[in-house]
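Peer 1: Sharing a structure here in structure tokens format.
The values are calculated or read from the model by the stated rules, or taken from the named source; none is laboratory data. Just so you know, these numbers come straight off a predicted model, no measurement behind them. Every residue, glycine among them, receives a Cβ derived from its backbone with ideal geometry; neighbour counts consider all protein chains shown.
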Amino acid sequence: MAEHTRFGPAGVPPMFKLMGASTSDVPKLLRAEDLDAFEYGAVQWGQKPQIKQENANLLGEEARKNDVRLSMHGSYYVNLAGKKEVVEASKRRLIAAATAADWMGAYVLVFHTGFYGRFEKDYAFKTCVEALKEVSAEMRSLNLKVKLGPESMGRKFQVGSLEEIITINQQVEATQLVLDWGHLHSRELGRFKKVEDFRVVVEKVEEELGTDALRSMHCHFSAIEFNSQGEKEHHALDEKRYGPDFKLLAEVIADFQMHPTMICESPVLDVDARKMKETLAQVLESRKQTIQ
Ligand SMILES: [Zn+2]
């Protein structure tokens, strides 16, 4: 079957929790909502996996049975640009998450690379790249299959501009491109106002990383509020005073025949994931009619 754009929530939707669902129930419940991706949240984890291997295996089995693609969001407590001991602890956290990601068969481990802190930006960034090369090599020696997915970040003091994410993907082996469009929007104080603004980013990615990396990118999306320092808060898609507008991105997904995995990070996770899916379906449908 041809690849298609997948949609799903970042973490377990609030309604599933109210229903008392266990993690391994999530793929089936998402499938019932016509969704087909799930980002497992390991955001509070330390230096050891905080899920039992048998439970991770079970989640993986259920995901495969229901054709739900799994990804994992690693610990928030990662800073690859910090002091030596902070960097070493961060590397252990990434390896712990990657180990559990492999247990469940997640295809990418998304994470936040770090903070510039007191370092000069270029130096901080180079430190991150070196640390990631070491993590990647260790993952290979442990035979871990999950890809490393450093995410584009929304605040100006965080490592993770579009250019930095592209460079990491070029320089570190076994990486997967992860773009958080809300973050890019807020880091650059509202850059996505029309289709052309998305197109510029997509063309740059294609030029630097190639067509396959472009089409198969992993995305986060939500409406976002920002101030002069960048990201402030994620919002629901219906809160129209906050951008970016998913319809504009959907046009570009159709134009470039992309099939991203689209993870919704709005407060109404699965509800907005479905809205995005419907929006893309409408865009694709209207093009068919134009061709006929
Ligand atoms: Zn994130």
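Peer 1: Here is a check on your reading of the model: is Gly182 modelled with pLDDT under 95, among the small types (Gly, Ala, Ser), more than 16 Å from Leu269 (Cβ to Cβ) and outside any strand (DSSP E or B)?
Peer 2: Values: modelled with pLDDT under 95: yes; among the small types (Gly, Ala, Ser): yes; more than 16 Å from Leu269 (Cβ to Cβ): no; outside any strand (DSSP E or B): yes.
So Gly182 fails the test.
Peer 1: Oh, and also: Output the residues belonging to region 74-94 that are aliphatic (A, V, I, L, M) and touching a helix residue (DSSP H, G or I) at 6+ places or on another chain (Cβ under 6 Å).
Peer 2: From region 74-94, those aliphatic (A, V, I, L, M) are 78, 80-81, 86-87, 89, 94; that's our starting set.
Val78, Leu80, Ala81, Val87, Leu94 - these are the residues of region 74-94 that are aliphatic (A, V, I, L, M) and touching a helix residue (DSSP H, G or I) at 6+ places or on another chain (Cβ under 6 Å).
Peer 1: In region 154-200, how many residues are touching a Leu at 6+ places or on another chain (Cβ under 9 Å), under 25 Å from Arg241 (Cβ atoms) and within 14 Å of the ligand (Cβ to nearest atom)?
Peer 2: Of the residues in region 154-200, 5 are touching a Leu at 6+ places or on another chain (Cβ under 9 Å), under 25 Å from Arg241 (Cβ atoms) and within 14 Å of the ligand (Cβ to nearest atom).
Peer 1: Pick out the one residue from Gly160, Gly154, Gly210 that is of a type outside the set (Asp, Glu) and either within 21 Å of Leu70 (Cα to Cα) or surrounded by fewer than 19 Cβ atoms within 10 Å (Cβ to Cβ) (or both). Can you show your working first?
Peer 2: Values: Gly160 fails: either within 21 Å of Leu70 (Cα to Cα) or surrounded by fewer than 19 Cβ atoms within 10 Å (Cβ to Cβ) (or both); Gly154 fails: either within 21 Å of Leu70 (Cα to Cα) or surrounded by fewer than 19 Cβ atoms within 10 Å (Cβ to Cβ) (or both).
Checking each option against the conditions leaves just Gly210.
Peer 1: If we scan region 21-37, do we find a residue that is without any contact (Cβ under 8 Å) to a residue 24 or more places away in the chain and closer than 24 Å to Thr279 by Cα? Steps first, answer last, please.
Peer 2: Initial filter on region 21-37 (without any contact (Cβ under 8 Å) to a residue 24 or more places away in the chain): 21-22, 29, 32.
Narrowing further to those that are closer than 24 Å to Thr279 by Cα: 29, 32.
Yes, because at least one residue in region 21-37 is without any contact (Cβ under 8 Å) to a residue 24 or more places away in the chain and closer than 24 Å to Thr279 by Cα.
Peer 1: A further question follows. Which members of region 84-134 meet the condition of being in a loop (DSSP other than H, G, I, E, B) and crowded, with 17+ Cβ neighbours inside 10 Å? Full working, then the answer.
Peer 2: Here is the first cut: in region 84-134, the ones in a loop (DSSP other than H, G, I, E, B) are 105-107, 112-113, 116-120.
Scanning region 84-134 gives Gly105, Ala106, Tyr107, His112, Thr113, Tyr116.
Peer 1: Looking for something assigned to a helix (DSSP H, G or I) and either in contact with a strand residue (DSSP E or B) (Cβ under 9 Å, 6 or more places away or on another chain) or free of Cβ contacts under 8 Å to residues at least 12 places away in the same chain (or both) - is there at least one such residue anywhere in region 68-83? Please lay out each step first, then the result.
Peer 2: Of region 68-83, the ones assigned to a helix (DSSP H, G or I) are none.
Taking every residue of region 68-83 in turn, none turns out to be assigned to a helix (DSSP H, G or I) and either in contact with a strand residue (DSSP E or B) (Cβ under 9 Å, 6 or more places away or on another chain) or free of Cβ contacts under 8 Å to residues at least 12 places away in the same chain (or both).
Peer 1: I've got another one for you. Do we have any residue at all in region 42-53 that's more than 17 Å from the chain's Cα centre (by Cα), assigned to a helix (DSSP H, G or I), over 29 Å from Lys275 (Cβ atoms) and more than 16 Å from the ligand (Cβ to nearest atom)?
Peer 2: Step one: of region 42-53, the residues more than 17 Å from the chain's Cα centre (by Cα) are 45-53.
From the residues that got through so far, the ones that are assigned to a helix (DSSP H, G or I) too are 53.
Okay, now just the ones that are also over 29 Å from Lys275 (Cβ atoms), so 53.
Next, only the ones that are more than 16 Å from the ligand (Cβ to nearest atom) stay: 53.
Yes, that holds for at least one residue.
Peer 1: Do you know which residues across region 161-219 are polar (S, T, N, Q) and out of contact with any helix residue (DSSP H, G or I) (no Cβ under 9 Å at 6 or more places or on another chain)?
Peer 2: First, the residues of region 161-219 that are polar (S, T, N, Q): 161, 167, 169-171, 175-176, 186, 211, 216.
Correct list: Ser186, Thr211, Ser216.
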